[in-house]
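The structure appears right after this line, and notes come after that.
The values are calculated or read from the model by the stated rules, or taken from the named source; none is laboratory data. Please read these numbers as outputs of a predicted model, since none were measured by experiment. Cβ: placed from backbone, ideal geometry, glycine included. Neighbour counts: every protein chain shown. When the accessible area is computed, the model is the full protein with side chains, heavy atoms only, and any ligands, DNA or RNA have been set aside. Shrake-Rupley method; radii C 1.70, N 1.55, O 1.52, S 1.80 Å.
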Amino acid sequence: NGILYNSEKKSLVKCPESSNVLMYDITTGTKSIAASAFINTKVQNVLIPSTVTEIGEYAFFACKGLKSVNIPSNVTELNRFVFCACSSLTTITIPEKVVSIGTRAFEDCSSLTSLSIPESVTEIKELAFCKKTVVETADAVIKEAGVELKYEVVTMIEIPRAALTADDIAKEAEF
């Protein structure tokens with residue numbers, strides 16, 4: 001199938017873009033999925049064993065056919081662009097040990113209808129979910145109105161911990 005692992009078989013290094021693999025069960029004992037490992041492949045379903053603790057940035061970037069993926073319970077961070085542009089991804093459950101969701105991790109996941117974010121998540125980096133949609137919508141409205149407008153896209157996502165400590169945060173906030 002052309003999928004490459006490192007010499008110790010502990011890291012999945014690459015699934016070639018030319019691969020016709022649609023469903024892949026990552027070898028048990030694998031500890032990590034390298035950065036860009038599945039980038040722009042045809043893969044639709046990936047089974048990740050519980051031994052995986054790290055999924056590299058861009059690991060599944062632009063896997064437009066990716067419909068489902070399980071994130072193992074030992075993963076603590078979803079790196080930047082990890083599932084960006086996975087336009088067929090419909091649901092994903094983030095495990096309880098994840099504390100950080102990286103920049104644009106889920107941007108342009110236009111079919112995503114369900115996402116569970118656990119209380120353990122204390123950091124959601126900028127534009128983790130939506131910049132492309134916001135820009136496309138804003139540009140269409142501006143064009144329709146026939147005006148020229150410069151704008152910036154900012155994101156605020158409230159997480160359970162922030163809601164519980166909002167009074168403390170407000171004392172120091174400058175907005």
Subset of the stretch 48-86 (residues that are among the aliphatic types (A, V, I, L, M) and in contact with a Cys (Cβ under 8 Å, 6 or more places away or on another chain)): 62, 66, 85
Per-region count, the stretch 73-83, residues open to solvent by 10 Å² or more (accessible area, probe 1.4 Å) and within 20 Å of residue 19 (Cα to Cα): 0
Any hit, the stretch 101-114, residues being at pLDDT 85 or above and open to solvent by 50 Å² or more (accessible area, probe 1.4 Å): yes
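Out of 68, 36, which single residue is hydroxyl-bearing (Ser, Thr, Tyr), within 30 Å of residue 126 (Cβ to Cβ), in contact with a strand residue (DSSP E or B) (Cβ under 6 Å, 6 or more places away or on another chain) and touching a residue at least 12 places away in the same chain (Cβ under 8 Å)? Walk me through it before giving the result.
Numbers: 36 fails: in contact with a strand residue (DSSP E or B) (Cβ under 6 Å, 6 or more places away or on another chain).
Just one listed residue meets the conditions, 68.
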Residue among 20, 70 that is surrounded by fewer than 18 Cβ atoms within 10 Å (Cβ to Cβ) and more than 13 Å from the chain's Cα centre (by Cα): 20
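Across the stretch 100-127, what is the total count of residues that are assigned to a loop (DSSP other than H, G, I, E, B) and among the small types (Gly, Ala, Ser)?
First, the residues of the stretch 100-127 that are assigned to a loop (DSSP other than H, G, I, E, B): 102-113, 117-122, 125-127.
Right, trim to among the small types (Gly, Ala, Ser) and you get 102, 105, 110-111, 120.
Of the residues in the stretch 100-127, 5 are assigned to a loop (DSSP other than H, G, I, E, B) and among the small types (Gly, Ala, Ser).
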Condition broken by residue 25, with the remaining ones in (1) surrounded by fewer than 18 Cβ atoms within 10 Å (Cβ to Cβ); (2) within 23 Å of residue 102 (Cα to Cα); (3) of a type outside the set (A, V, I, L, M, F, W, C) satisfied: (2)
Criterion violated by residue 64 - all others in (1) surrounded by fewer than 19 Cβ atoms within 10 Å (Cβ to Cβ); (2) assigned to a strand (DSSP E or B) satisfied: (2)
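Does the stretch 49-56 contain at least one residue that is more than 15 Å from residue 82 (Cβ to Cβ), at pLDDT 95 or above and open to solvent by less than 20 Å² (accessible area, probe 1.4 Å)? Explain how you work it out, then say what you get.
Going through the stretch 49-56, the residues more than 15 Å from residue 82 (Cβ to Cβ) turn out to be 49-51.
Still in the list and also at pLDDT 95 or above: 49-51.
Checking the rest, the ones that are also open to solvent by less than 20 Å² (accessible area, probe 1.4 Å) come to 49.
The answer is yes, given that some residue of the stretch 49-56 is more than 15 Å from residue 82 (Cβ to Cβ), at pLDDT 95 or above and open to solvent by less than 20 Å² (accessible area, probe 1.4 Å).
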Failed criterion for residue 12 (all others in (1) surrounded by 21 or more Cβ atoms within 10 Å (Cβ to Cβ); (2) closer than 23 Å to residue 113 by Cβ hold): (2)
